[in-house]
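Heads up: the structure comes next, in structure tokens.
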Amino acid sequence: MPSAVTEYESHTPSGITKFTNCLLVKGNQLVKEDLWISSINGKILKSQEVFYEQRAVPDRVLDLGGRIVSPGLIDSQLNGAYGVDFSVIPEDGAASYGKGVLRVNKSLIKTGVTSYLPTLTSQKAEVYHKALPFLGPSGAPRDPSAGSESLGAHCEGPFISPTKNGIHDVSVLRTAPHGILDLEECYGAANLVSPSPIKYITLAPELPGALSCIPALKTRDIRVSIGHSEATYEEARAGMAAGAGMITHLFNAMRPLHHRNPGIFGLLGTASTTLGYVKPYFGIIADGIHLHRTTIKIAWNAHPDGFILVTDAMSLVGLPDGTYDWTNGSRIIKKGPLLTLEGTDGKIAGSSISLIECVTNFLNWSGASVPEALKAVTETPARMLGLHGVKGTLDPGADADIVILELQGTEAGEKKLEVEQVWKFGQKVFEKNEKLGL
Ligand SMILES: [Zn+2]
């Protein structure tokens with residue numbers, strides 16, 4: 001990338017990099033402002049305080065030639081990538097599973113995703129017991145070379161509806177007649193103790209016993225998302241009243257909107273001031289296959305502050321077209337970005353799209369501005385996860401997880417966001433035209 005770098009070597013190294021001639025994503029605005037970051041504490045700095053009070057100056061100044069500086073992207077639903085499926089324990093055991101997760105982390109960061117939630121589809125209990133110890137939050141060592149950071153696991157099921165299972169194997173789905181005890185038996189009691197490796201759980205609130213689990217999970221700092229569910233509007237509202245705060249891939253694997261019963265989607269129409277309800281956050285898969293672009297726009301218009309783009313991508317991302325073995329003996333057909341379950345009438349089996357491509361799609365389909373589109377993969381998921389101020393923002397004190405983007409125009413007259421550089425904890429870990437040996 002043709003950015004000019006000025007290195008200052010005459011002073012004691014401060015570990016500070018200053019970005020200049022750039023546009024910062026701040027709320028719904030692009031702001032022309034410099035940004036100071038530190039590789040010592042891995043955070044975004046308050047530039048004036050550093051300069052005038054601590055008398056520290058940057059080691060280097062990067063002229064970004066008008067490019068966009070965004071907080072690092074957050075994918076709240078990633079089932080696997082680069083041939084690794086988080087829901088599959090390899091035959092040679094846990095050690096090799098752990099290595100697979102590290103491999104994903106090191107590759108994923110090159111796409112601009114600096115943190116994410118490794119997601120498990122519905123599985124037997126033994127899979128959770130083996131996998132979850134490897135999927136918990138991984139950022140504590142603050143090591144930029146470790147790649148993308150897990151913010152904790154997302155367990156999508158198995159307490160979901162057998163009639164809205166999508167590609168989840170019906171034979172492993174469960175109900176929770178004994179409440180939280182059933183969840184402890186399934187995920188492993190140790191995995192439900194705070195601090196848990198699980199960040200949030202997708203469940204269907206209408207299932208026997210499910211509602212009582214929601215407040216019990218909240219007390220353990222595990223969030224609950226409604227999804228893969230037959231819930232009526234009333235049942236979905238009961239889930240919200242019990243403490244759920246999110247909807248998993250809105251519209252997919254749930255009842256469609258009916259004018260006399262709006263179902264789960266109806267939660268977006270619940271005014272926050274009435275009945276004490278807040279509107280939920282919700283995931284949207286903008287891959288051009290799961291949802292019509294107008295459907296996406298309706299959801300965004302209904303509740304822009306809850307709108308979160310997710311990939312729902314799986315292990316086949318980056319692999320050639322073909323038929324691949326999947327969990328529980330099923331097989332998946334990959335044709336371009338489309339993944340379907342073999343032996344069904346083209347049942348969608350997840351996506352193979354990158355998060356920045358989802359942002360680009362949304363940008364072109366919705367009329368949203370660049371910062372509004374990026375908010376759906378930065379500030380909004382950070383708020384949903386209780387990490388606002390730490391992730392998803394360029395405010396001083398936040399982690400210096402940063403993506404430098406170039407806004408390009410395509411021949412078709414559309415916009416395209418290209419990842420040029422990625423920084424993690426204040427250090428550059430990827431440059432588009434450079435191999436950094438990650
Ligand atoms: Zn799903």
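All of the numbers you see were taken from the coordinates with simple rules; none came from a lab. Just so you know, these numbers come straight off a predicted model, no measurement behind them. Cβ placement follows ideal geometry from the backbone for every residue including glycine, while neighbour counts extend to all protein chains displayed.
Annotations
- Screening Glu185 against (1) away from the ligand (no atom under 15 Å from the Cβ); (2) buried (at least 18 other Cβ atoms within 10 Å of the Cβ); (3) not hydrophobic (A, V, I, L, M, F, W, C) leaves a single unmet condition, (2).
- Within the range 198-237, the set of residues being touching a helix residue (DSSP H, G or I) at 6+ places or on another chain (Cβ under 6 Å) and within 15 Å of Lys279 (Cα to Cα) comprises Val224, Ile226, Tyr233, Ala236.
- Filtered residues of the range 188-203 (kept if in a helix (DSSP H, G or I) and surrounded by 20 or more Cβ atoms within 10 Å (Cβ to Cβ)): Asn191, Leu192
- The range 214-260, subset of a type in the set (Ser, Thr, Tyr) and not in a helix (DSSP H, G or I), residue nearest to the ligand (Cβ to nearest atom): Thr248
- Meets criteria (closer than 18 Å to Pro162 by Cβ, more than 16 Å from the ligand (Cβ to nearest atom) and surrounded by fewer than 24 Cβ atoms within 10 Å (Cβ to Cβ)) for Glu206: yes
- Residue check for Pro141: within 16 Å of the ligand (Cβ to nearest atom) and either buried (at least 19 other Cβ atoms within 10 Å of the Cβ) or at negative phi (or both): no
- Residue list for the range 281-299, filter: surrounded by fewer than 21 Cβ atoms within 10 Å (Cβ to Cβ), outside any loop (DSSP other than H, G, I, E, B) and not aliphatic (A, V, I, L, M): Arg293, Thr294, Thr295, Lys297
- Verdict on Gly306 being at positive phi and surrounded by 13 or more Cβ atoms within 10 Å (Cβ to Cβ): no
- When the test is whether a residue is among the β-branched types (Val, Ile, Thr) and surrounded by fewer than 22 Cβ atoms within 10 Å (Cβ to Cβ), Ile247 does not pass it.
- Candidates in the range 109-126 are the residues that are farther than 16 Å from Pro137 by Cα and away from the ligand (no atom under 16 Å from the Cβ); of these, the one that is surrounded by the fewest Cβ atoms within 10 Å (Cβ to Cβ) is Glu126.
- Entirely in the range 353-438, the strands (runs of 3 or more DSSP E) that have 1 or more residues that are within 17 Å of Gly27 (Cβ to Cβ) and in contact with a strand residue (DSSP E or B) (Cβ under 9 Å, 6 or more places away or on another chain): 402-409
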